[in-house]
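Q: This is the structure I want to talk about, given as structure tokens.
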Amino acid sequence: MKILIITVLFLFMASSCTDDYVGPNIDTNCSLSNQTHTKSAALKNLLDANTKDGFVGMTVLVDDPKEGQWLGSSGYASIEENIKMNPCHIHHTASLYKTFIATVVMQLVDENEIALDDKLSDYISLEIIDKIPNGNSITILDLLQQRTGIPDIFEVEFITDFFNNQTKTYSIEELLEYVYVKEPLSEAGTTFQYSDANYSLLTLLINEIEGNHIEALKSRIFEPLNLNHTYFLEKVSEIPAALSNSYWDRYNDGKYENNSDVQTSLTVGLRGSDGIVSSAEDLMKFMQALAKGNLVNGFSQMINCLDVPAAIQKNEVYSGYGLGIMRVNISGENWYGHFGNHIGSGAIMLYNLDRDITIVALQNTGTFFSDEIKGKFFFQLLGDIEEILF
Amino acid sequence: MVTLRKYLLIFIGLLGVHISIAQDANASSYTKFPLKIAIGNHAVGFPFQNSFNAFNLHLSLGTELGLNKNLKHSLFLSSDLGYISNGVIGSSINLNVDFVYRYTHKTNFFLETALGIGMLNQFHPRDIYALNESDGTYDKISDNGTIASLIGFKTALGYDFSKKTDFPFRIAFSHHFFIQTAYFDLRNFPIMPQSSSNILISYKFKK
């Protein structure tokens, strides 16, 4: 019995040891001077108020041809190393990936490599198609519009797996296994259902046509636009030094833990759903180039958003979904772009077509598991920015 | 870690108390209350899902109170104090009370099922920081844990040596599935399903 007790106590002590992650973060010594906007002071006050109310660090960019540009930061990129957030820090962009992927797909449409009403089964191996719900009937347009009926990957089964191994990296095929042979939620082409599986399949489509989606993103978007602070994270061991740490308020009680290793693993490892880290300035360049027709011919088609169900409008803020583009309308203004919602970060990239205004907001506190933080970021912050601008 | 050491001391203290009580009992040749020790693996998931995908130590120490004297169909109240080491969802100390039915076959193999409730105190898996509102900096703070309630069921399959020999010892494989509520967000994630798969031994000390 004594041996058993000693063994048990030894195992207890051994299992209590944890390694706390300290990020690779560096102070970027950023010296930007994009403070020409007439409402600069109010925007700075707004950011400071947000980093005292739930967000560890945040960067916001507002570009308005009439009123000027404002790019500012508040809070911390690294609490542990006492590094203040600045506009040169790079952020995880989560589902902004979908707009990038949709852009490449629309370029392939422009080049007559594919057509929007082509069936996915014309391009992807039957081995995968046969296991995808509605696999034989969904079109490329259905995938872009998220109207395939395919359930989302990030449901209970994935989440319980995640909480057993939170730094696992997944291939596209491994992620798709979470939706294989499941019942479709609706007929293809009928009902909006946000599902990362749709963009995983579009990523496979790009791989089939271009060989490699990462190289396609680089050669078709990052390099032509000189997005020098935008990276596709391919390996956890190769992350940009200016990447901000990530934090999570696990119990929504104002206690933050550094989950940078988890966030980075997911950015690297949710292949086909994620992967891009970027700066506010680069995301502005991308969104403006897309909106002004410098990347695709069919931007007007991309923003032809069909309404999403009322429950989604209420909980997720956006009211319509086009081709990799959300339509967001908080107080009468239509904004087009995308949200990125993640465990240690949040991202907003929006363009107002009527006023030619771009807003990018990036922050390093997890929104995925917290309705409160999510609401503050995607709804309240945007509403407050609108109030200042208009 | 300071709080965990506090719980470890309580754990050792309870063990000592149990042993001393056990050695003073005089109703029969063995003590009335067996000492039950379980050691195994903890996982997040539904019953038998992900049970051994990662190593997360689970330990528990407990005892049981017989409610009837039927040797074939026994009813018990069981209580245990457990510790779960989990670097993903956070380590925790838990206290459970279960209502147990045990069927013992003539071959001395037994099958148990139990329904129970409990509470746990769960700690962040990493250092935590809070905003110091006076100067806008963050301070590292101590973690006193977060209390949550549990509801769950247990199954066990084992062998009872005491029926055939004069050795009051039972060994079993047990699986405990429980739901923790709430975890971090009552609306989005109202429950955290978890399980532990254990080797369970039960021993009655001599008077």
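The values are calculated or read from the model by the stated rules, or taken from the named source; none is laboratory data. Treat the numbers as computed from the prediction; the structure is a model and nothing was measured. Counting neighbours? That spans all protein chains shown, and the Cβs are built from the backbone with ideal geometry, glycine included. For the accessible areas, the whole protein counts, side chains as well, though only heavy atoms, and no ligand, DNA or RNA atoms are used. Shrake-Rupley method; radii C 1.70, N 1.55, O 1.52, S 1.80 Å.
Q: Suppose the filter is touching a helix residue (DSSP H, G or I) at 6+ places or on another chain (Cβ under 6 Å) and under 21 Å from B:P193 (Cβ atoms); does B:S149 pass it?
A: No.
Q: Further question on the same structure: Run down A:T103, A:T93, A:T99 and say which single residue is touching a Lys or Arg at 6+ places or on another chain (Cβ under 8 Å), touching a residue at least 24 places away in the same chain (Cβ under 8 Å) and within 18 Å of A:Y336 (Cβ to Cβ).
A: A:T103
Q: On the given criteria, is A:V60 of a type in the set (V, I, T), part of a strand (DSSP E or B) and closer than 23 Å to A:I221 by Cα?
A: Yes; evaluated as a whole, the condition is true for this residue.
Q: Step by step: first the residues of region A:110-132, then only those that are part of a helix (DSSP H, G or I) and open to solvent by 20 Å² or more (accessible area, probe 1.4 Å), then the one that is nearest to A:G189 (Cα to Cα). Which residue is that?
A: A:S121
Q: Then there's this: Of everything in region A:175-197, what is open to solvent by 40 Å² or more (accessible area, probe 1.4 Å) and in contact (Cβ under 8 Å) with a residue 60 or more places away in the chain? Give them in sequence order.
A: A:T191, A:Y194
Q: Any residue that is surrounded by fewer than 20 Cβ atoms within 10 Å (Cβ to Cβ) and within 25 Å of A:T103 (Cβ to Cβ) - is there at least one of those in region A:376-383?
A: No, the conditions are met nowhere in region A:376-383.
Q: Does A:Q301 count as of a type in the set (S, T, N, Q), under 26 Å from A:K218 (Cβ atoms), open to solvent by 20 Å² or more (accessible area, probe 1.4 Å) and outside any strand (DSSP E or B)?
A: Here the answer is yes, as A:Q301 does meet what is asked.
Q: For the structure I just gave you, tell me whether A:V104 is away from every other protein chain (no Cβ under 14 Å) and in contact with a Gly (Cβ under 9 Å, 6 or more places away or on another chain).
A: So A:V104 does not fit the description; no.
Q: Would you mention how many residues in region A:216-248 are closer than 20 Å to A:I172 by Cα, free of Cβ contacts under 8 Å to residues at least 40 places away in the same chain and surrounded by 14 or more Cβ atoms within 10 Å (Cβ to Cβ)?
A: Number satisfying all stated conditions: 1.
Q: Please verify whether region B:185-195 includes one or more residues that are surrounded by fewer than 15 Cβ atoms within 10 Å (Cβ to Cβ), assigned to a strand (DSSP E or B) and not polar (S, T, N, Q).
A: No: zero hits.
Q: Against the definition (open to solvent by 30 Å² or more (accessible area, probe 1.4 Å), away from chain A (no Cβ under 13 Å), without any contact (Cβ under 8 Å) to a residue 60 or more places away in the chain and over 25 Å from B:N56 (Cβ atoms)), how does B:L131 come out, yes or no?
A: Against the criterion (open to solvent by 30 Å² or more (accessible area, probe 1.4 Å), away from chain A (no Cβ under 13 Å), without any contact (Cβ under 8 Å) to a residue 60 or more places away in the chain and over 25 Å from B:N56 (Cβ atoms)), B:L131 does not qualify.
Q: Can you name the residue in region A:249-286 that is part of a loop (DSSP other than H, G, I, E, B) and more than 22 Å from A:F162 (Cβ to Cβ) and, of all such residues, is least open to solvent (accessible area, probe 1.4 Å)?
A: A:S279
Q: Output the number of residues of region A:53-73 satisfying the condition of being at pLDDT below 95 and within 12 Å of another protein chain (Cβ to nearest Cβ).
A: The total comes to 2.
Q: Here's something else I'd like to know. Pick from region A:346-378 the residues that are polar (S, T, N, Q) and at pLDDT below 95: which of them is nearest to A:Y251 (Cα to Cα)?
A: Residue satisfying both the conditions and the ranking: A:S370.
Q: Can you pull out the residues in region B:37-51 that are part of a loop (DSSP other than H, G, I, E, B) and more than 10 Å from chain A (Cβ to nearest Cβ)?
A: If the condition is that a residue be part of a loop (DSSP other than H, G, I, E, B) and more than 10 Å from chain A (Cβ to nearest Cβ), then B:P47, B:F48 are the ones that fit.
Q: Only one of (1) at pLDDT 95 or above; (2) touching a His at 6+ places or on another chain (Cβ under 9 Å) is not met by A:G337, so which one is it?
A: Going through (1) at pLDDT 95 or above; (2) touching a His at 6+ places or on another chain (Cβ under 9 Å) one by one, A:G337 breaks only (2).
Q: Residues in region A:75-104 that are open to solvent by 10 Å² or more (accessible area, probe 1.4 Å) and small (G, A, S): how many?
A: The total comes to 2.
Q: If you check B:L120, B:L200, B:L95, B:L111, which single one turns out to be touching a Phe, Trp or Tyr at 6+ places or on another chain (Cβ under 7 Å) and more than 10 Å from chain A (Cβ to nearest Cβ)?
A: One residue alone meets the criteria, B:L111.
Q: A further question on this structure: Among B:L81, B:L59, which is farther than 30 Å from A:Y76 by Cα, touching a residue at least 40 places away in the same chain (Cβ under 8 Å) and within 14 Å of chain A (Cβ to nearest Cβ)?
A: B:L81
Q: Residues of region B:100-116 being surrounded by fewer than 15 Cβ atoms within 10 Å (Cβ to Cβ) and either of a type in the set (F, W, Y) or closer than 19 Å to B:L200 by Cβ (or both), which ones?
A: Correct list: B:Y101, B:Y103, B:H105, B:T107, B:F109, B:L111, B:T113, B:L115.
Q: Before we move on, is A:Q107 within 26 Å of A:D282 (Cβ to Cβ) and buried (at least 21 other Cβ atoms within 10 Å of the Cβ)?
A: no
Q: Here is a check on your reading of the model: is B:N121 under 30 Å from A:N245 (Cβ atoms) and surrounded by fewer than 20 Cβ atoms within 10 Å (Cβ to Cβ)?
A: yes
Q: Go through (1) open to solvent by 10 Å² or more (accessible area, probe 1.4 Å); (2) within 14 Å of chain B (Cβ to nearest Cβ) for A:G366 and report which single condition fails.
A: It is condition (1) that A:G366 fails.
Q: Find the residue count for region A:133-147, including only residues that are free of Cβ contacts under 8 Å to residues at least 24 places away in the same chain and either closer than 19 Å to A:R271 by Cβ or open to solvent by less than 10 Å² (accessible area, probe 1.4 Å) (or both).
A: Result for region A:133-147: 1.
Q: Limited to region A:148-170, what total is found for residues that are open to solvent by 20 Å² or more (accessible area, probe 1.4 Å) and away from every other protein chain (no Cβ under 14 Å)?
A: Here the count works out to 1.
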